[in-house]
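Below: one structure, written as structure tokens.
The values are calculated or read from the model by the stated rules, or taken from the named source; none is laboratory data. Since the model is a prediction, treat every value here as computed from it, not as a measurement. Because the Cβ atoms are built from the backbone with ideal geometry, glycine has one as well, and the counts that use them run over all protein chains shown. Note: areas computed on protein heavy atoms with side chains; ligands, DNA, RNA excluded. Shrake-Rupley method; radii C 1.70, N 1.55, O 1.52, S 1.80 Å.
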Number of protein chains: 4
Amino acid sequence: MSKVSEEIIQESAQVRLDNYLRTVAHLGHVEISVTKFEESLSFYREIMGLEVTEIDGDRAYLRAWQDYDHHTLVLKAANVSEVNRVGWRVATKESLELFETQLTKMNIEFSWIDGGSKKALGDAIHFTSPSGIPIELYWEKELFVTDDPKLKSPLPSHPSKYPARGVSPRRFDHVNFMVDDVQKEQQWWTELLGIHHRYFVQNKEDIRLGSWLSRTNIAHEIAFMRNGNQNGGIFHHLAYYLDSPDELLRAANIMAENGIKIEWGPGKHGTSGAQFIYVFEPSGHRVEIWTGGILMFAPDWKPIEWPAGVGELGLEMWGSKPPESYFTYGTKLGK
Amino acid sequence: MSKVSEEIIQESAQVRLDNYLRTVAHLGHVEISVTKFEESLSFYREIMGLEVTEIDGDRAYLRAWQDYDHHTLVLKAANVSEVNRVGWRVATKESLELFETQLTKMNIEFSWIDGGSKKALGDAIHFTSPSGIPIELYWEKELFVTDDPKLKSPLPSHPSKYPARGVSPRRFDHVNFMVDDVQKEQQWWTELLGIHHRYFVQNKEDIRLGSWLSRTNIAHEIAFMRNGNQNGGIFHHLAYYLDSPDELLRAANIMAENGIKIEWGPGKHGTSGAQFIYVFEPSGHRVEIWTGGILMFAPDWKPIEWPAGVGELGLEMWGSKPPESYFTYGTKLGK
Amino acid sequence: MSKVSEEIIQESAQVRLDNYLRTVAHLGHVEISVTKFEESLSFYREIMGLEVTEIDGDRAYLRAWQDYDHHTLVLKAANVSEVNRVGWRVATKESLELFETQLTKMNIEFSWIDGGSKKALGDAIHFTSPSGIPIELYWEKELFVTDDPKLKSPLPSHPSKYPARGVSPRRFDHVNFMVDDVQKEQQWWTELLGIHHRYFVQNKEDIRLGSWLSRTNIAHEIAFMRNGNQNGGIFHHLAYYLDSPDELLRAANIMAENGIKIEWGPGKHGTSGAQFIYVFEPSGHRVEIWTGGILMFAPDWKPIEWPAGVGELGLEMWGSKPPESYFTYGTKLGK
Amino acid sequence: MSKVSEEIIQESAQVRLDNYLRTVAHLGHVEISVTKFEESLSFYREIMGLEVTEIDGDRAYLRAWQDYDHHTLVLKAANVSEVNRVGWRVATKESLELFETQLTKMNIEFSWIDGGSKKALGDAIHFTSPSGIPIELYWEKELFVTDDPKLKSPLPSHPSKYPARGVSPRRFDHVNFMVDDVQKEQQWWTELLGIHHRYFVQNKEDIRLGSWLSRTNIAHEIAFMRNGNQNGGIFHHLAYYLDSPDELLRAANIMAENGIKIEWGPGKHGTSGAQFIYVFEPSGHRVEIWTGGILMFAPDWKPIEWPAGVGELGLEMWGSKPPESYFTYGTKLGK
């Protein structure tokens, strides 16, 4: 083999390796601004049953009992309810620099955030998606560790006790956004961030109504749905995961007993097998509580198409219809 | 004490005793005509997972795995789908004759059916309620007994094995009718048959929208809802009982997988705590599958009023709305 | 008919009527002494999720969220952990006097307790069973009513909100005692108090190992099991009821997370279909948390016999074995 | 940079890339020999509720309803019950050749199996682990596709309908082996096959009692437990996954109703959060049915150590003890 062709192969190895390294590992957290800080905090703590790791000034850091990290949800007191940042852990410690190179190459504006300037977080890169979704990539984040006997579990596999307070979901699961052009947004995330396209819904005009993506084996860590108003990107919901259908109906009971409006559900998305309820927290963000869902293991997963003919089953397979708000309402994207 | 006053007291003892004896014990079965006998039979056997005790000519006799009786559901091949008979077991073997006396006194037309002329049933009295609901009172009914190894359970408390086929409800639960005047119908059943009034819903004009009744400790064995069309009595649904919310959602999955339309649900009636789905079987009868619900033990139970202000929570406490059909559609009352 | 024979019939009517009136309606509450009042109170409130209606001096009054009464459990601070009283509501307001007559006739010692001398309770009769179980019969007991927004449910059918704290059982269910002679004890309760015999277990020598009884349609409100030590009556456990198998396993998780020893379970009694765990509360009383179970509607219910050959399935149908303590340990009977 | 140092870097890129490519993607199937072919087939089909894709001569190919592949379980009629092959899908189509190179380098004996010579499978490499576990690596395997109306789901995300027959697990989950030296076996699998080490149990003498591994985000796809007899590798169990705790107890009911011995459970492994029952199928293989469990997302997951002090909680967190057979019995490893 000539020197040149060998170099080309080698170069190709480097490129391919970089592609493996320049990817996210999993969704890490979401930061939201809330207009009613105390009420929202009380909702997430008492009704949802999340644990508050700490409150620092105008920010509260929360996690579900099985979340290993310091936090998976940040609430920030503010004058507008919007999503500030969606945090993704990258695959390796080399990944951030490879992303820097790639973002530069693609002329995407970004900024470095120094480790320590954000609570529990190492160095991070900030940038926004084509639809304006604020992204944060990081490698380091503190794990949650406690010696508080009220929180510490006798089981080494539990970062903290099952709280048995309110809904008590197991873990943070995913985020969902409405955008004007679902297909374009999905392709950008898949190509730049390596988040696999899992399934999608087309309407009769063959326009993409929704796409669901994940880097891990769960059905989706992020989803994009077509904004019915076609007026730009909005935050549709954040989601926490429950262990069983029984716990889902128990969650619905808790909402009813405490006067929290269930926008839709209990229902089941035929696409993912997700059994869900959607509620509005006091500051106006939509929260999904769900269970079930398909795990996806194939390394060459082919996105499942839900054509128009079965789209309603995909949306809800038991026969209920979402309210109009489900297709149009969301909170804003922060800058 | 004078002879006379003593006799009056004694007479009163007899009257009071008769009142104790002249009452039903529990709902026993429902007989329905079905226009699509084979399809309905297949639905109840394969999808619902009921057991067929026997098929005799144009009739099939079915039961849930925990039902102790020979049958709790009778299907009859016919040209119209209607309810033929609602069977109630009476409290004692003396009760039937006391009912005969009382019906005569009240000028209510009735007929005796000789024991053995109906499969598995002893002597029975037939008559109809003010709204035309066909009633059957009986004392004797054969229990289900089997030596078939496919059906026989190793557990003496199980009349047959849990079938693990389709929905597999535990037991027959209740029947529900739409009538023009709910209050009048309820009072008649409570006074004549001793079926306690458990809870009721009033509308803004203080008209009775629904009443739920039971002789046993379960929330209801029969219910009356106001016919939205005000065109007489119709059969709203029959109901089988499941052990858990999880099984209810599993039932909804089974319906979706097999193309059975779920009219409404999963939802939860705030009144009784019943978590439900309603489906239509192939011949057009509505079937409820449900779980949960309140047991009522107080011997002086005071019916719970659901006034107009909370009526919607009573109807469905998680926030879903029933389709229009729920308030107007039913199958006919047989003669 | 002659005057005399008519009188005999009339007399018989009075006797039969009295038999209908002289019966209990349902189990109402249990009062226990606890050596560790604060720890037990915390267990029942935080781990079990019962609601404390009030604390008055050395007594705490508790109930499950669906219990309609002022209390179903009374804890009394004391030097010994024992059961003080098992309360049963009688069937009618005439019943108490008929019981007085009958107890006198049977030479059973009893005492009247004036209404109001016990919190929330009307007049009551106290006496003990052959094995020394302290009984309390009453007709009047205050219902639980609240205007506390933290407790009040928007649903009229819920006496208080589902607390979503700890186990949160739905309702008080039953009590269980170990006695030396099960058969004798059972017959006494059935004959005197009208509590139906539902099922029983015999050993190889045809000795009665256990009997389960209820006046209502649930599988048992009181049970007697043979004391393995044959040293008199002891209190085996009190039981609260959960809505689903899923909640039962959730309860087991809560116990494990909080260092509460599960003596036995999750398991399933084949006899009743009860899915259970047994735990010890801090003062040493055994508490059962369970779900499932068979409802019994037949007015002529024939007790189900579990002969020696299937007794193990009756005890536990999934194959686990109880520890020795289950057959011998209990707390004392108060005087 | 000099040519040489650049080449070294390039070489390193190739090596690192190969390491990324030479790994498994996920567990695919297990092939077992069964001495009672018809009884085992009936167990897996009727009691477990798996679907039979096809029967070809002395082999039956089965899958759970959500399994996307042609099969996840192969039964082979034979004179001895043993495990013949554990199939793993590799990460890319280049992976097999990279494995060939690596196996050669490590002097591990292997053989190529031509695509098509095994039903539904492409080219495969066969070799055995240090403890003798027979491994099969492959890239291509046919997906399950059907037009049979009894099997075909209306939902594109379901490769076949939820069968609602017997246990009906969702998907194939993992395999478990007993070996003499757990630590050595684990390290070999992690290093050669890239299967992450997730958690492990040490005894008081700091000997490894068990290790659980997965390439995907589920808690384990393969596990090694210390053989109590120290007489070589044996097959401990294969496992299928259920959606909920409720379904697990339902599975236990089905086993009890059908006379299938439950060796252990319902219980919960504290390590993984797996709620389980273990049963023996007719040919003697142990089958686990389970639900729950922790998903593991961290790309730098540090194996959780369960030291001797909490090992019992790790083994079973609700307090039950496994029978002796659990530590010693298994079926053989095929050659």
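Structure data summary
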{"item": "Yes/no for residue A:65 being in contact with a Pro (Cβ under 8 Å, 6 or more places away or on another chain), aromatic (Phe, Trp, Tyr) and closer than 23 Å to residue A:48 by Cβ", "result": "yes"}
{"item": "Residue list for the stretch A:27-68, restricted to those being farther than 21 Å from residue A:260 by Cα and more than 15 Å from the chain's Cα centre (by Cα)", "result": "A:53, A:54, A:55, A:56, A:57, A:58, A:59, A:60, A:61, A:65, A:66, A:68"}
{"item": "Top-ranked residue in the stretch D:307-319 [being over 22 Å from the mean Cα position of the chain (by Cα) and in contact (Cβ under 8 Å) with a residue 24 or more places away in the chain; ranked as farthest from the other protein chains (Cβ to nearest Cβ)]", "result": "D:308"}
{"item": "Residue in the stretch A:171-179 that is of a type in the set (Phe, Trp, Tyr) and in a strand (DSSP E or B) present", "result": "yes"}
{"item": "Residue selected from the stretch B:250-261 under the condition among the hydrophobic types (A, V, I, L, M, F, W, C) and open to solvent by 10 Å² or more (accessible area, probe 1.4 Å), by the criterion nearest to the other protein chains (Cβ to nearest Cβ)", "result": "B:256"}
{"item": "Residue in the stretch B:135-143 that is within 30 Å of residue B:253 (Cβ to Cβ) and not assigned by TED's automatic domain parsing to the domain that holds residue B:24 present", "result": "no"}
{"item": "Within the stretch D:123-148, tally of residues that are over 26 Å from residue D:210 (Cα atoms) and either of a type outside the set (Asp, Glu) or open to solvent by less than 10 Å² (accessible area, probe 1.4 Å) (or both)", "result": "9"}
{"item": "Answer from A:282, A:266, A:299, A:323 - the residue that is away from chain C (no Cβ under 14 Å) and in a strand (DSSP E or B)", "result": "A:266"}
{"item": "Counted residues, the stretch A:326-335 - those being open to solvent by 40 Å² or more (accessible area, probe 1.4 Å) and either aromatic (Phe, Trp, Tyr) or not in a loop (DSSP other than H, G, I, E, B) (or both)", "result": "3"}
{"item": "Looking only at the stretch B:86-98, and only at residues there that are open to solvent by less than 80 Å² (accessible area, probe 1.4 Å) and not in a loop (DSSP other than H, G, I, E, B), the one that is farthest from residue B:68 (Cα to Cα)", "result": "B:98"}
{"item": "Verdict on residue D:271 being over 30 Å from residue D:35 (Cβ atoms) and among the hydroxyl-bearing types (Ser, Thr, Tyr)", "result": "yes"}
{"item": "Matching residues in the stretch B:13-25 - criterion: being open to solvent by 20 Å² or more (accessible area, probe 1.4 Å) and within 21 Å of the chain's Cα centre (by Cα)", "result": "B:22"}
{"item": "Residue in the stretch B:149-165 that is assigned to a helix (DSSP H, G or I) and either open to solvent by 50 Å² or more (accessible area, probe 1.4 Å) or touching a Ser or Thr at 6+ places or on another chain (Cβ under 8 Å) (or both) present", "result": "no"}
{"item": "Residues located in the stretch D:99-122, provided they are in a strand (DSSP E or B) and either touching a residue at least 24 places away in the same chain (Cβ under 8 Å) or open to solvent by less than 80 Å² (accessible area, probe 1.4 Å) (or both)", "result": "D:111, D:113, D:121"}
{"item": "Filter result (assigned to a loop (DSSP other than H, G, I, E, B), over 17 Å from residue A:226 (Cα atoms) and open to solvent by 40 Å² or more (accessible area, probe 1.4 Å)) within the stretch A:306-319", "result": "A:319"}
{"item": "Residues of the stretch C:126-163 classified as within 14 Å of chain A (Cβ to nearest Cβ) and free of Cβ contacts under 8 Å to residues at least 40 places away in the same chain, total", "result": "10"}
{"item": "Unique residue being farther than 16 Å from residue B:222 by Cα and either open to solvent by 10 Å² or more (accessible area, probe 1.4 Å) or hydrophobic (A, V, I, L, M, F, W, C) (or both) when the list is B:289, B:294, B:277", "result": "B:277"}
{"item": "Complete set of residues in the stretch A:43-77 that are within 21 Å of residue A:250 (Cα to Cα) and either without any contact (Cβ under 8 Å) to a residue 12 or more places away in the chain or among the hydrophobic types (A, V, I, L, M, F, W, C) (or both)", "result": "A:43, A:47, A:48, A:50, A:64, A:65"}
{"item": "Selection from the stretch C:212-249 of residues that are open to solvent by 10 Å² or more (accessible area, probe 1.4 Å), charged (D, E, K, R) and closer than 25 Å to residue C:162 by Cα", "result": "C:243, C:247"}
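Quick grid of which residues meet (1) among the small types (Gly, Ala, Ser); (2) closer than 21 Å to residue A:217 by Cβ:
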{"position": "A:148", "(1), (2)": "no, no"}
{"position": "A:151", "(1), (2)": "no, no"}
{"position": "A:160", "(1), (2)": "yes, no"}
{"position": "A:166", "(1), (2)": "yes, no"}
{"position": "A:183", "(1), (2)": "no, no"}
{"position": "A:186", "(1), (2)": "no, yes"}
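For (1) of a type in the set (A, V, I, L, M, F, W, C); (2) within 30 Å of residue C:78 (Cα to Cα); (3) not assigned by TED's automatic domain parsing to the domain that holds residue C:74, each residue gets a yes or a no:
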{"position": "C:209", "(1), (2), (3)": "yes, no, yes"}
{"position": "C:219", "(1), (2), (3)": "yes, no, yes"}
{"position": "C:252", "(1), (2), (3)": "yes, yes, yes"}
{"position": "C:265", "(1), (2), (3)": "no, yes, yes"}
{"position": "C:288", "(1), (2), (3)": "no, yes, yes"}
{"position": "C:309", "(1), (2), (3)": "no, no, yes"}
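Rundown of residues vs (1) touching a helix residue (DSSP H, G or I) at 6+ places or on another chain (Cβ under 7 Å); (2) more than 23 Å from residue B:21 (Cβ to Cβ), yes/no style:
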{"site": "B:43", "(1), (2)": "no, yes"}
{"site": "B:51", "(1), (2)": "no, yes"}
{"site": "B:71", "(1), (2)": "no, yes"}
{"site": "B:81", "(1), (2)": "no, yes"}
{"site": "B:91", "(1), (2)": "yes, no"}
{"site": "B:114", "(1), (2)": "no, no"}
{"site": "B:118", "(1), (2)": "no, yes"}
{"site": "B:134", "(1), (2)": "no, yes"}
